[in-house]
Amino acid sequence: MRPRTVDPTYVIDGVVHYCVANMPGAVPITSTYVLNNAILSGPLAIANQGWKKALSNDKHLLNGLNICQGKVTYKTVADDLGYKYTETNTLLMSS
């Protein structure tokens, strides 16, 4: 993608793309509502079920976990920073 200001549409492989920088900034109130609606289920699940059950029940929420109990649970982050990687399942199974 390549953000543009004059003509924000362009075609690649027969597909029309629209790309401008910071679209949410152009409609801040609307984008805030959209973002809240998109992510609110995660914090609510954690609050209602506890973090282990919520992450066990939602693979997308689990995929967002980077650090847990002082351990790095996201392989790319661990590799890039030189830390030991810990599988999330080992932390979800522990008491």
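Details
- Estimated Rh, the stretch 1-83: Kirkwood, alpha-carbon pairs, angstrom: 16.4
- In this structure the amide hydrogen of Cys68, modeled in the peptide plane, comes within under 5 Å of the amide hydrogens of Thr73, none closer than 5 places in sequence on its chain.
Only the coordinates and a few stated rules stand behind these numbers; no lab work does. Predicted model, so just to flag it, every value in this text is computed and none were measured.
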